[in-house]
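Enquirer: The structure is given below, and queries will be raised subsequently.
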Amino acid sequence: AQLPETVRANGWQTRLIGRGHEAVAFFPPGTVPFGFAVDVGTTGLAAYLVDLVTGEIRGMKGATNPQIAYGEDVMARLTLAMREPEGRARLQASIIAGLNDLLRDVCAQAGVRREQVVDVVLVGNTAMHHLLLGLPVEQLGSAPYVPAVSAAVSTPARALGLDVAEGAAVYLPPNVAGFVGADHVSMVLATATAEQPGVTL
């Protein structure tokens, strides 16, 4: 739906942002696409806005995870999600609202529109991952603490309620175990820890 208006307003020129065979967004020529990366911690959120052309971090901000209002630790939130019919939905809505607040703030820092964010990567421990996606958490609340999903997940950002480009996707790296999540996987990748010889701290 963006394409006809965009090309007519810009002399039949456009910048197409694609993912594989999918069109994510059509922008006026020269518009910079951005990525939004967040570490969704149990206590805090750490957000980064990244220029996807240069790789430069153009905005960053931290905030308290708003789910803390429902319990300071993981088990308290899992208990709420399991025992109250609307608990899981409330926890998911809370974190999505917190992410949208951070998105608004880092975009304001960089002077860009939220619609320029075409890619989102979110990491966190397995419980935060499941609560963010609205997944069942009963199996995380008792031994042997098996995730509902261990594989990497890619899902439409708008389906989660994130205020980004209409075609943007959210990517969540794989979880390792019940309480070893994508945050650890991302750290190992970013620091090349797995490539270091011997024991590494």
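The values are calculated or read from the model by the stated rules, or taken from the named source; none is laboratory data. Note that this is a predicted model, so its numbers are computed, not measured. Cβ placement follows ideal geometry from the backbone for every residue including glycine, while neighbour counts extend to all protein chains displayed. We work out accessible area using only protein heavy atoms, side chains counted, and drop any ligands, DNA or RNA first. Shrake-Rupley method; radii C 1.70, N 1.55, O 1.52, S 1.80 Å.
Enquirer: For the stretch 76-92, state whether one or more residues are open to solvent by less than 50 Å² (accessible area, probe 1.4 Å), in a helix (DSSP H, G or I) and touching a Ser or Thr at 6+ places or on another chain (Cβ under 6 Å).
Expert: Checking the stretch 76-92: not a single residue is open to solvent by less than 50 Å² (accessible area, probe 1.4 Å), in a helix (DSSP H, G or I) and touching a Ser or Thr at 6+ places or on another chain (Cβ under 6 Å).
Enquirer: Could you check the stretch 106-201 for strands (runs of 3 or more DSSP E) lying wholly inside it with 2 or more residues that are open to solvent by 40 Å² or more (accessible area, probe 1.4 Å)?
Expert: By residue number, 117-124, 153-156.
Enquirer: Across the stretch 66-75, what is the total count of residues that are part of a helix (DSSP H, G or I) and either under 22 Å from GLY178 (Cα atoms) or open to solvent by less than 50 Å² (accessible area, probe 1.4 Å) (or both)?
Expert: Qualifying residue count, the stretch 66-75: 6.
Enquirer: Here is a further query. I need a count of the residues in the stretch 1-60 that are open to solvent by 40 Å² or more (accessible area, probe 1.4 Å), without any contact (Cβ under 8 Å) to a residue 60 or more places away in the chain and of a type outside the set (D, E, K, R).
Expert: Of the residues in that region, 24 qualify.
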